[in-house]
1. Sort through GLY211, GLY199, GLY242 and tell me the only one that's touching a Phe, Trp or Tyr at 6+ places or on another chain (Cβ under 7 Å) and not aliphatic (A, V, I, L, M).
2. Failed condition for LEU236, given (1) within 16 Å of the ligand (Cβ to nearest atom); (2) crowded, with 24+ Cβ neighbours inside 10 Å; (3) within 25 Å of ALA366 (Cβ to Cβ), with all others met?
3. Can you name the helices (runs of 4 or more DSSP H) wholly within region 101-214 that have at least 2 residues being modelled with pLDDT under 95?
4. Out of ALA51, ALA25, ALA37, ALA7, I need the residue that is more than 12 Å from the ligand (Cβ to nearest atom), surrounded by 15 or more Cβ atoms within 10 Å (Cβ to Cβ) and on the phi < 0 side of the Ramachandran plot. Which one?
5. Inside region 168-185, can you point out the residues that are within 14 Å of the ligand (Cβ to nearest atom) and of a type outside the set (Ser, Thr, Tyr)?
6. For region 291-376, which helices (runs of 4 or more DSSP H) that fit wholly inside it have 1 or more residues that are under 18 Å from the mean Cα position of the chain (by Cα) and crowded, with 22+ Cβ neighbours inside 10 Å?
Amino acid sequence: MRRLRWAMIGGGRGSLIGDSHRIAARIDARWELVAGAFDIDPERGRAFGVALGLDPARAYGDWRQMMAAEAAREDRPDLVAIVTPNASHFEIARAALEAGFHLLCEKPLTTSIGQARELVALAKARQRIGAVMYGYSGYPLVRQMRAMVAAGEIGQVRVVQAEFAHGGHAGPVELTVPALAWRYDPAIVGPSSVLADAGSHALHMACYVAGQNITNVSAMFASHGSGRRLEDDAHLHLRFSGDAIGSLWSSAVAVGQLHGLRLRVFGERGGLDWRQEDPDRLRFAPLGEPPRTLERAAPYLHADALRDARITAGHAEGYFEAWANIYRELAQAIAEPGSTQHLYPDLEAGAHGVAVIAAAVASAGAAGRWVEVTSP
Ligand code: NAD
């Protein structure tokens, strides 16, 4: 298989998440970064591209210039990754799909459900692959949970408890850290802050593992930090398409919690519990039996979990490898269409996330009234 080419928009020097994409894409040597418009500041963006080793002619100061010039090349990128703040995703993603590139977009896919629907339809019409970087779904043991639920090993799922509650914004960090200032600006993040930022990952994992979408939401939002225009703490009750019920707690003010991503799923015959801060272990409690710990890379795991393990059990694997699994699957899906069942989060999953966020915002604004989630 030839190495695929990719370009990046956003993710410039000092950004929070740009390096994660670049490191993940390098791990399996299936991607070559060939172009980029990395920064809102054109000069800084060009200089950064050159520092990354790009051909200076392909280190752009503006994403529109990049899209036009790169679309015309014979050795054009196969994929464009969008790593800019939320409200810019839609316009850039639409332009990328219209120019015929495959797409990997940061979450949340867009800031409105109409935009998300438009991207899903456009990718379909242009036969382009679209993915959303819900990177945590690339962890082998998250895939193990998904496979166990799908194989009926815990029976019908009854309860899903999802949590992504960190304490990073317990103080007024947005006043001193420029990259955090936009997290509470609705013009840049859209109608939700912590739910769209952190909670969207946990919502995706809940649906991905349970194999059910969210149909109804009742939400309570709080803004504990003074002067914040959007929520820094969100509590959701959830109903799922397969009759499961559950809840999500997403917070930026959970003092003492570092990352705080956890998913618990309880079925008729067993319970599963996974924490991202201890990602190589999955607690499985079968009904009436002692609970046990499943280890990453152990031979008794499902194929979907084993395929992604790069190193034998006992060595730590983690965040970058999980992201790399998504880059690897995208490479395979693009180079060998139809070759595997895809496990990467697709645009439909991204659109569902946007729809759940919209429903939660509406519910929180109406004293927690139950709101139906619009189907993407
Ligand atoms: P950041 O503010 O740290 O960095 C944003 C980068 O994009 C900067 O380099 C900035 O100069 C550049 N940029 C902004 N507008 C641009 C434009 N029009 N053209 C080119 N470059 C532009 O933000 P971040 O934390 O890296 O977040 C970026 C996106 O990634 C957000 O949508 C965020 O929700 C998402 N994110 C995802 C994860 C994850 O786990 N998947 C984690 C953090 C952030």
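1. From the options GLY211, GLY199, GLY242, the qualifying one is GLY199.
2. Here LEU236 meets the rest and fails (1).
3. Hits in region 101-214: 178-181.
4. Step by step, each of ALA51, ALA25, ALA37, ALA7 is checked, and only ALA25 is more than 12 Å from the ligand (Cβ to nearest atom), surrounded by 15 or more Cβ atoms within 10 Å (Cβ to Cβ) and on the phi < 0 side of the Ramachandran plot.
5. Passing the criteria: GLY168, HIS169, VAL173, GLU174, VAL177, PRO178, ALA179, LEU180, ALA181, TRP182, ARG183, ASP185.
6. Fully inside region 291-376 and qualifying: 319-335, 347-364.
Rundown of residues vs (1) more than 15 Å from the ligand (Cβ to nearest atom); (2) touching a residue at least 24 places away in the same chain (Cβ under 8 Å); (3) among the β-branched types (Val, Ile, Thr), yes/no style:
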residue	(1), (2), (3)
ARG94	no, yes, no
LEU104	no, yes, no
LYS107	no, yes, no
SER112	no, yes, no
ALA123	yes, yes, no
SER137	no, yes, no
ILE154	yes, yes, yes
HIS166	no, yes, no
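The values are calculated or read from the model by the stated rules, or taken from the named source; none is laboratory data. Bear in mind that the values here come from a model prediction, so they are computed numbers and not experimental data. Cβ atoms come from the backbone with ideal geometry, glycine included; neighbour counts cover every protein chain shown.
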